[in-house]
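Worksheet for the structure shown next.
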Amino acid sequence: MAKSDWPVERFIDTLDRVIKETGLSQVELAALVPMDQSQFSRWKSGGSRPRYESLLAFARAIEEHHPNLSIKREEILAAGGYADATRMIAPNGNTAAHSVHIPGDVHLSALEPWEQHIWFTPDMTVEQRRGLIRFARLERGELTDDLASLLKLSDALNQVVARHLRKNLKELEDPPAAG
């Protein structure tokens, strides 16, 4: 893949931050994965884009050995150009086989596990996921003072109900032909 197809400068900056925050050398970081130091050096120079699986292994190793680092797994993957990868990290650490879009304003590491699972639910739009999370928070008693969220939830529920009513009315007007 050509350099212009991924955020090379962002990736190099992210690796620089990892090196600075961990205090480890390139050789020491490569040994955590483990991976060949020359491959890490090619990543660091922007000469080679990491494969998704290799970058995921690197991010997991960093998380395991430096859990208090400010740079989290999804940031490392995004810096490597995998923000909207077809295989994303599910909350259990496995890669999901389905494609999900997680918007940039959603920081998975800051969410509760149940919220993370909702973000990895296939065949839902971003707004459907946000609505489901709002509804779950309402059920848990967490939205009692958040009028804006309650209004958004009410609007989302009204849209769902209206969509289902239209579908049911259409089925009543146009019954399936008898076989």
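No value in this document is a laboratory result; all are computed from the given coordinates. Given the structure is predicted, the values throughout are model-derived calculations rather than measurements. Heads up, the Cβs are rebuilt from the backbone with ideal geometry, glycines too, and the neighbour counts pull from every protein chain shown.
Taking one quarter of the surface of the convex hull spanned by the alpha-carbon atoms of region 1-83 gives a direction-averaged projected area of 4.6 nm². Shown here is the pair-distance distribution of region 124-179: with all Cα-Cα distances grouped in 10 Å bins from zero up to the longest one, the shares run 22, 37, 21, 14, 5, 1 percent. Starting from the 7 Å offset along Cα-to-Cβ, what nm value, one decimal, do you get for the label separation of residue 135 and residue 63? Between residue 135 and residue 63, the simple spin-label model gives 2.8 nm. Evaluated with a Cβ-only charge set (Lys, Arg +1; Asp, Glu -1), region 124-179 carries a dipole of roughly 160 debye about its Cα centre, given to the nearest 20. The slack between residue 13 and residue 111, meaning 0.36 nm per residue of separation minus the straight C-alpha distance, is 32.7 nm.
Could you sort 155-161, 13-19 so that the peptide with the highest average Cβ count within 10 Å comes first and the rest follow in order?
13-19, 155-161
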